[in-house]
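The values are calculated or read from the model by the stated rules, or taken from the named source; none is laboratory data. The structure presented is a predicted model; accordingly, all values stated were derived computationally and were not measured. Reconstructed Cβ throughout: ideal geometry from the backbone, glycine too, with neighbour counts over all protein chains shown. With ligands, DNA and RNA removed, areas are computed over all heavy atoms of the protein, side chains included. Shrake-Rupley method; radii C 1.70, N 1.55, O 1.52, S 1.80 Å.
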Amino acid sequence: MATKHDYTKDDIKQMVKEDNVNFLRLMFTDLFGTVKNVELPISQLDELLDNKIMFDGSSIEGFVRIEESDMYLFPDLSTWMTFPWSEEHGKIAGVICSVRKPNGEYFEGDPRNNLIRVLEDMNKAGFSSFNIGPEPEFFLFKMDENGNPTTKLNDSGSYFDRAPMDQGEDCRREIVLTLEKMGFDVEAAHHEVAPGQHEIDFKYANALETADNIQNFKIVVKTIAKKHGLYATFMPKPLSGINGSGMHMNMSLFHDKGNAFFDKDDKLELSEDAYHFLGGLLKHAKAITAIGDPTVNSYKRLVPGYEAPVYIAWSASNRSPLVRIPASRGLSTRLELRSGDPTANPYMFIAVLLEAGLDGLKNKIKPMAETSRNIYKMDSEERNENDIESLPETLKDALNELAKDDVIKNALGERLIKGFTTAKHLEYDAYKIQVSEWERKQYMEHY
């Protein structure tokens, strides 16, 4: 995780002076998980610290109409950071902001604000923290002479390879060092299964901090990759025939007695809360998929044969189900959802995971029996006998499931759901009228 601080205005001013900061980057996240920013000269620091920075919300897709466009950016000073790379005109400091209405109220179309709302639901249910440990994967591609990404991977390595097979090693190492300078506690960094694919894991944090960390992580990865002449992409399936990039989410719920998921007297050392939370995740898995796998391309990854989960099941002993229970217990007891990918808006994804789990707790939803066998080797009849259903196969299918799930819709609120589903239906409609090279090769000479 990136270390958070209770910075005061005076602390910020002192850091600006010490770090020779000349520009301010005010960051927030749009409906689709893209980091947006307003850049200011350092002369506007006092205006920023006094919450007086306004921007045009109608320019951000899914935010507001033109007639209600005036929005304010309120900085969360605990997220303040100076980016550790050099700039020609001095360093840039960044801060993550809350989007507010002119009257100072939280804007409900801001995904970060919405996660804060859902965390309040968690507190009302008697829990103190929802901890998330993400595992985002990415690919490194070579760039052409104009700085545009190509489809040529930077190496031919595979899982845990090292140089010379892993030619992204130097780039990955600098990413890690940069993250550590920014306060991240990096736990592991390695080459992933596919050529050109990498994973860097950083320590868990509470839900809001983790979502912020994921966004900053993406900025660092792309910036350092470009410095090495490489293009980093979090696209789930950039190439056919190889594994795609996922973003597994390890999650645990805490209360005043510690980890609510741990019970030393249970066979698997899982508490009733853990089983009910798991039951909620599995019950709402199909609708969650629309948020955790939000692009047309996401469903090219969610197919049998490439390690990504396809079936709604859970296990403490194998990696084919949707949810795995890692071996660690005590404070480290957690559930690992394996379906999501790094195109997901982290604020929205974490919000629906939490609300699904809270629904499981509220209604004491029991999960189906644990699946210890490799589900990919079961036929459809065996899966039916074990109550194992499939995840949606397309973005369209996932959106249809989302439309039927009031718990997941309520986790995001009316404005976010309306904007998201409208845009994603348009995305799918645009996709389905495209004619691919595969279709031309398959049909043109045959018909």
Among (1) under 14 Å from the mean Cα position of the chain (by Cα); (2) outside any loop (DSSP other than H, G, I, E, B); (3) under 20 Å from ASP406 (Cβ atoms) - the single one GLY280 does not satisfy: (1)
Residue list for segment 1-52, restricted to those being in contact with a strand residue (DSSP E or B) (Cβ under 9 Å, 6 or more places away or on another chain), part of a loop (DSSP other than H, G, I, E, B) and more than 18 Å from ARG112 (Cα to Cα): THR3, ASP19, ASN20, LYS52
For PHE217: the one exception among (1) open to solvent by less than 10 Å² (accessible area, probe 1.4 Å); (2) among the aromatic types (Phe, Trp, Tyr); (3) part of a loop (DSSP other than H, G, I, E, B): (3)
Residue that is nearest to ILE388 (Cα to Cα) [pool: residues in segment 225-280 that are among the acidic types (Asp, Glu) and either surrounded by 17 or more Cβ atoms within 10 Å (Cβ to Cβ) or in contact with a Phe, Trp or Tyr (Cβ under 8 Å, 6 or more places away or on another chain) (or both)]: ASP273
Within segment 225-236, is there a residue that is within 19 Å of ASP293 (Cα to Cα) and touching a Gly at 6+ places or on another chain (Cβ under 9 Å)? yes
Subset of segment 314-352 [surrounded by 24 or more Cβ atoms within 10 Å (Cβ to Cβ), touching a Leu at 6+ places or on another chain (Cβ under 6 Å) and assigned to a loop (DSSP other than H, G, I, E, B)]: SER339
Filter the helices (runs of 4 or more DSSP H) completely within segment 353-447 down to those with at least 1 residues that are over 30 Å from GLY57 (Cβ atoms), of a type in the set (Lys, Arg) and within 27 Å of the chain's Cα centre (by Cα). 406-432
Against the definition (modelled with pLDDT of 90 or more and either acidic (Asp, Glu) or crowded, with 16+ Cβ neighbours inside 10 Å (or both)), how does PHE28 come out, yes or no? yes
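Please verify whether segment 361-373 includes one or more residues that are touching a Pro at 6+ places or on another chain (Cβ under 8 Å), at pLDDT below 90 and either open to solvent by 40 Å² or more (accessible area, probe 1.4 Å) or more than 15 Å from ILE132 (Cβ to Cβ) (or both).
Taking segment 361-373 as the starting set, the residues that turn out to be touching a Pro at 6+ places or on another chain (Cβ under 8 Å) are 371.
Retained after the next criterion (residues that are at pLDDT below 90): 371.
Keeping just the survivors that are either open to solvent by 40 Å² or more (accessible area, probe 1.4 Å) or more than 15 Å from ILE132 (Cβ to Cβ) (or both) gives 371.
Yes - at least one qualifying residue is present in segment 361-373.
Being touching a Ser or Thr at 6+ places or on another chain (Cβ under 8 Å), in contact (Cβ under 8 Å) with a residue 12 or more places away in the chain and open to solvent by 20 Å² or more (accessible area, probe 1.4 Å), is that true of even one residue in segment 414-432?
Residues of segment 414-432 touching a Ser or Thr at 6+ places or on another chain (Cβ under 8 Å): 427-428.
Add one more test, that the residue is in contact (Cβ under 8 Å) with a residue 12 or more places away in the chain, and what stays is 427-428.
Adding the requirement that they be open to solvent by 20 Å² or more (accessible area, probe 1.4 Å) leaves 427-428.
Scanning segment 414-432, I find at least one residue that is touching a Ser or Thr at 6+ places or on another chain (Cβ under 8 Å), in contact (Cβ under 8 Å) with a residue 12 or more places away in the chain and open to solvent by 20 Å² or more (accessible area, probe 1.4 Å), so the answer is yes.
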Scan of segment 195-207 for residues that are buried (at least 24 other Cβ atoms within 10 Å of the Cβ) and out of contact with any helix residue (DSSP H, G or I) (no Cβ under 6 Å at 6 or more places or on another chain), ordered by number: GLY196, GLN197, PHE202
Of the conditions (1) open to solvent by less than 70 Å² (accessible area, probe 1.4 Å); (2) modelled with pLDDT of 85 or more; (3) among the charged types (D, E, K, R), LYS4 fails just one. Which one is it? (2)
